[in-house]
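Visitor: Input: one structure, supplied below.
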Amino acid sequence: MYIVELTYLQPMSAIDAQLEAHRAFLATQYERGLFIASGPKNPRDGGVIVVSGKVSRAELDARIALDPFHIHGLADYRVIEFSPVKSHPQVTNLL
């Protein structure tokens with residue numbers, strides 16, 4: 001499983017200009033069952049994506065490369081891999 005932390009590199013006007021395309025990218029990953037949750041950080045200087053363990057690190061990196069925020073150099077991505085040993089029963093099948 002992974003936590004992906006995005007840190008914005010450009011002004012919010014540039015982020016907002018690509019927000020709709022970024023959300024479409026996220027929707028595609030949700031449809032594929034890869035992303036579990038996502039949203040902006042508070043304060044809004046980036047975002048967080050929770051990724052299932054159904055994807056390899058290489059595949060995750062390839063998918064991140066398709067994110068409009070990545071394509072346009074708007075965000076830096078920090079990927080944290082972890083192995084959940086305990087989870088709520090309602091989310092276990094997502095892991």
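Any read-out appearing in this document is the output of simple, stated calculations on the displayed coordinates, not a laboratory observation. Bear in mind the structure is a predicted one, so any value in this text is a computation, not a measurement. Backbone-built Cβ (ideal geometry, glycine too); neighbour counts: all protein chains shown.
Visitor: Would you calculate the volume per residue, in Å³, of the smallest convex hull containing every Cα atom of the chain?
Guide: Convex hull volume per residue, Cα atoms: 96 Å³.
Visitor: What does the charge count near H70 come to, summing +1 for each Lys or Arg and -1 for each Asp or Glu among other residues with Cβ under 13 Å from its Cβ?
Guide: Charge balance near H70 sits at -1.
Visitor: Also: Summing +1 for each Lys or Arg and -1 for each Asp or Glu, what net charge is found among the other residues whose Cβ lies under 12 Å from the Cβ of L34?
Guide: Spelling it out: positives minus negatives among the neighbours equals +1.
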